[in-house]
Amino acid sequence: MNTRFFTLVALLLVASISYAQDKTVIPKHTLKPATVCARSNIDTLEFTHNKEFRPAQCRIEAHQLSVALTKHFYQAFPERALKDDINVVFELQIEADGTVSSVSILRSQLKSEENDKLRELVSTVTSDNWIPASYKGNKISSSHTLPVILLVKVNDI
């Protein structure tokens, strides 16, 4: 009799605990390689798994962007010779009209003055080449992480 009573109490306790929990149902989504956020001054809305969100896109292919940025880098710093390819990661704020409003460097192995020049170059090279993010068909401003490789050798500099 005691075991039945304790079993019944345990089942009721488990049922009440599981009922009291706030359950969140995550809708089915398409997998994305990275989290993409649209940021505003007040809050951050994450659209990673939302089918109605389209992240900002650059019209320039990644390799072409690396080549163009490397050429501009060597023109700005002709005495600088890279020993190895260098990965630089930028964060750009893309406005609803497709313009770049701010550029920051998240990761770089270069000196401070070279990073400052790279920020200007990325803004120049990618200007007028952005398709802004959209949510439910409306264009929105968003941040975009842009990895670029500065190449050791670029033909026809």
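Residue-level check: of (1) farther than 30 Å from Leu151 by Cβ; (2) modelled with pLDDT of 60 or more, Val25 misses just (2).
In the stretch 121-147, the residues that are under 11 Å from Phe53 (Cβ atoms) reach residues that are in a loop (DSSP other than H, G, I, E, B) and among the β-branched types (Val, Ile, Thr) with C-beta atoms within less than 9 angstrom, at least six apart or across chains, in these pairs: Ala133/Val36; Ser142/Val36. Considering the conditions (1) modelled with pLDDT under 90; (2) surrounded by 16 or more Cβ atoms within 10 Å (Cβ to Cβ), Glu95 is excluded by exactly one of them, (1). Return yes when Glu120 is more than 15 Å from the chain's Cα centre (by Cα), over 18 Å from Asp84 (Cβ atoms) and not in a strand (DSSP E or B) and no when it is not. So Glu120 passes the test. Suppose the filter is farther than 18 Å from Ala81 by Cα and touching a residue at least 12 places away in the same chain (Cβ under 8 Å); does Val152 pass it? Criteria not met by Val152. Going by the structure shown, is Phe90 crowded, with 18+ Cβ neighbours inside 10 Å, modelled with pLDDT under 90 and within 19 Å of Ala133 (Cβ to Cβ)? Here the answer is no, as Phe90 does not meet what is asked. Is it the case that Ala68 is closer than 14 Å to His144 by Cα and at pLDDT 90 or above? In short, no.
The values are calculated or read from the model by the stated rules, or taken from the named source; none is laboratory data. These numbers come from a predicted model, not from an experiment. Virtual Cβ from ideal backbone geometry, glycine too; neighbours counted across all protein chains shown.
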